[in-house]
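Below is one structure, written out as structure tokens, with a few remarks after it.
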Number of protein chains: 2
Amino acid sequence: MRVHNFSAGPAVLPEEVLKEIQENLVDYKGNGLSVLEMSHRSKEYMEIIEGARARLLKIMGLSDEYVAMFLQGGASTQFYMIPLNFCADDKVANYIDTGAWSSKAIKEVKILGKKLHIAATSEDKEFTYIPKEWELSDNAAYLHITTNNTIRGTEWMIDPDVPADVPLIADMSSNFLSKPLNFSKYDMIYGGAQKNIGSAGATFVVLKKSMLEKINPGLSTMIDYNTHASKGSMFNTPPTFSIYVIGEVLKWIEGNGGLVGMQKINEEKAAYIYDVIDGSNFYKGTVVKEDRSFMNIPFRLPTEELEKKFISETTANNMINLKGHRSVGGCRASVYNSLPMESAKVLAKFMIDFEKVNK
Amino acid sequence: MRVHNFSAGPAVLPEEVLKEIQENLVDYKGNGLSVLEMSHRSKEYMEIIEGARARLLKIMGLSDEYVAMFLQGGASTQFYMIPLNFCADDKVANYIDTGAWSSKAIKEVKILGKKLHIAATSEDKEFTYIPKEWELSDNAAYLHITTNNTIRGTEWMIDPDVPADVPLIADMSSNFLSKPLNFSKYDMIYGGAQKNIGSAGATFVVLKKSMLEKINPGLSTMIDYNTHASKGSMFNTPPTFSIYVIGEVLKWIEGNGGLVGMQKINEEKAAYIYDVIDGSNFYKGTVVKEDRSFMNIPFRLPTEELEKKFISETTANNMINLKGHRSVGGCRASVYNSLPMESAKVLAKFMIDFEKVNK
């Protein structure tokens, strides 16, 4: 029996994708070998990676003005690559701080000794909202935002406007491809694949090609985006299997209505849980309503004792990973693209029943 | 039918490992989810990664004086991390250049503007041998070697002696765990997993803990080995599935006689092919006999025409990836740990038959 997996990442994958991968695990489509064993330069593998790349840009509605790359090291590696590549010494890296991962991205700018400007922050209220206004510095190298805060459960509901000469860079790790966005407003979009579009081990980077001309000279080979863009992510051996998984998930997204389809099911899933929270004095949401994430739903119970009991009983009832991030406590349900509707329903029903017994 | 896969990497995996992975792909050992979907902080996954780490050190015969890490970005990422971490500004990075990957490692030292000394090189004869003597600089930060040249097919047959105050660092990407070594002579051993111990997407780094004290201050978080050593490779999401594959391959190595067992079968496999080359005027080895690799066997045929025909006919006969690296041409058979004995026999027999028809 499949568990209901509310993990914040690595996260649930569509069962039909897993079955497809399983079927082909020892012998990929009659080629006599596993994808795990394939030379990354073989014809069969080139079809896999090129297919994933093309499908990604197609789903995002982006033209060949953009290049899609599959790298390694997670968003954490991008945190230092971005200022190294795109912030020249006379420029200022601009960030909007919405907590957790934004803060980590900002820390790397400081370590590098680059000029930094916090254009806005929601730190005053413990990152429980998304800033609606921001002020860029002069000489801005770029503006960096984090479109969804996995830990706090806040999400950008708009694509921010920036002056034409300021590149917009977004860490979309935890809400990528969960809804239609005006992706062409962004100059770089990146994130770890292990939440919405695949398994751990691959980092997607979608870069406007005009950004390649802005890259600082003299960078270490693997840190320079030119290395990967010019070699089709094949300068060195890419994370071949993780990219294959991404490709299969992208096919599944396409087959389920694309981004419009994802948005519809994601809103419906989140609504099941938010409705319970909103209709209750027992459960309490932790962020302002208008900025509530459709991906990560943190909530508190009246006492930590009850939270412990809730985690324990959900686990016993086949619902796993509902514990909030260790830095904030409480409970959290992550309801990414691949989480089945049934899982959200089962959790919502359990929450109602648990409240009846324990309030 | 399984192909005979002579790929230089990503490379063949043991069929029984693939079958085990396949069986557990949708539902890992009755836990109701795939390893691909597991939170890296879950109990089930912690067992996988800790098991792999412990088994790796055990196979290497290393004590807890060493820490084993599973990182991302391949050896190419280590090429710049090593000088950044271990070469202070007043020190000199020492390298023995045996071609290809050594040369790439050296290039990254130059990009960083660190002091560099080439302690020995076999460039004078196109990297067709391993230097037997070397001279370290004063103030050496470390000596770096590459224990097997995947492209040229040369291999170190000894663990080099260095003065006690000079750390020895080795890129073992292409012969790791293929034979017993005196691993405790090394202060750092690293490489991509996709040749001898797993699939693409994970980089193993085995570091003597005393090295952690030598790390340069002020490094970007993900570049600093302290980050990964102190968090058990869990500072950020590790490449979970690739590490799982490594764990399964390590079990297979243990179950097949460990490093002594690997050496025995690897020597036997290589002998099948080297014997054909040595007994023929048709095939020609490309490196000096005493330094011939047990992992990668490059050879030439009398003409490029015949090489083309050889590649084409082997492929038609279910033997794939026998083309030499594009930088050197010719043919190459990679016979890593997981290559079945049968594959080496089949190739050797084919080579004899091909010679008869075409000489």
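Laboratory data are not the source of any read-out in this text; all were calculated from the coordinates shown. Not measured: the values here are computed from a predicted model. All Cβ positions, glycine included, derive from the backbone under ideal geometry; neighbour counts span all protein chains shown.
Using the crude model of +1 on Lys and Arg Cβ and -1 on Asp and Glu Cβ, and no other charge, please compute the dipole size for chain A relative to its Cα centre, in debye to 20.
540
Once each part is reduced to its C-alpha centroid, what is the distance from region A:205-278 to region B:70-107 in angstrom?
29
Taking only C-alpha pairs under 8 Å that are 6+ residues apart, what is the relative contact order of region B:258-358 in percent?
The normalised contact order for region B:258-358 reaches 32 percent.
Pop a pseudo-label 7 angstrom from the Cα along the beta-carbon direction at both B:ASN182 and A:LYS58 and give the gap in nm to one decimal.
5.8
With N residues in region B:116-231, what two-decimal value do you get for its Cα radius of gyration over 2.2 N^0.38 Å?
Dividing the Cα Rg of region B:116-231 by 2.2 N^0.38 Å gives 1.13.
For region A:8-94, what does the convex hull of the Cα positions come to per residue, in cubic angstrom?
Spread over its residues, the Cα hull of region A:8-94 gives 172 Å³ apiece.
How high is the relative contact order of chain A, in percent, with contacts defined as C-alpha pairs under 8 Å that are six or more residues apart?
Relative contact order for chain A comes out at 23 percent.
Mean projection of the alpha-carbon convex hull of region A:32-172 over all orientations, in nm²?
Over all viewing directions, region A:32-172 projects a mean Cα-hull area of 10.9 nm².
What value, in deg cm²/dmol to 500, does the helix sum -39500 (n - 2.57) over DSSP H runs of n ≥ 4 give at 222 nm once divided by the residues of chain A?
Computed mean residue ellipticity for chain A: -11500 deg cm²/dmol.
With θ taken as phi - 60° and the coefficients 6.51, -1.76 and 1.60, list the Karplus ³J(HN,Hα) couplings across region A:76-87 in order, rounded to whole Hz; mark glycine and proline as x.
With the stated coefficients, region A:76-87 comes to 4, 6, 5, 4, 9, 5, 4, x, 4, 7, 10, 10 Hz.
Looking at the protein assembly as shown from every direction and averaging, what is the projected area of its Cα convex hull in nm²?
Across all orientations, the protein assembly as shown yields a mean hull projection of 30.5 nm².
Got the relative contact order for region B:154-213 handy, in percent, Cα pairs under 8 Å and 6 or more residues apart?
In percent, rounded to a whole number, it is 28.
Return A:VAL335, B:VAL166, A:VAL288, A:VAL17 ranked ascending by Cβ neighbour count within 10 Å, so the fewest neighbours appear first.
Ranked by crowding around the Cβ, least crowded first: A:VAL288, B:VAL166, A:VAL17, A:VAL335.
What do you get for Rg/Rh of region B:258-358 when both radii come from the Cα atoms and Rh is the Kirkwood radius?
For region B:258-358, the value is 0.94.
Please compute the volume of the convex hull spanned by the alpha-carbon atoms of region A:15-255 and report it per residue in Å³.
Here the figure is 122 Å³ per residue.
Quick one: Cα convex hull volume of region A:233-285, Å³ per residue?
Spread over its residues, the Cα hull of region A:233-285 gives 124 Å³ apiece.
Amide H neighbours of A:LYS323 under 5 Å, counting only residues 5+ apart in sequence or on other chains, H built in-plane at 1.01 Å?
Under 5 Å from the amide H of A:LYS323: A:ARG332.
Explain nothing, just compute: Karplus ³J(HN,Hα) = 6.51 cos²θ - 1.76 cosθ + 1.60, θ = phi - 60°, for every residue of region A:38-46 in order, whole Hz, x for Gly and Pro.
With the stated coefficients, region A:38-46 comes to 7, 4, 5, 9, 6, 4, 4, 6, 4 Hz.
May I ask you to sort A:PHE183, A:PHE241, A:PHE86 by Cβ crowding, counting other Cβ atoms within 10 Å and putting the fewest first?
A:PHE183, A:PHE86, A:PHE241
Looking at region A:159-208, what % of the alpha carbon pairs are farther apart than 18 Å?
29
Of B:THR240, B:THR314, B:ASN337, which is farthest towards the positive pole of region B:227-359's charge dipole, taken about the Cα centre with +1 and -1 on the beta-carbons of Lys, Arg and Asp, Glu respectively?
B:THR240
Just rank B:THR286, A:THR128, fewest to most, by other beta-carbon atoms within 10 angstrom.
A:THR128, B:THR286
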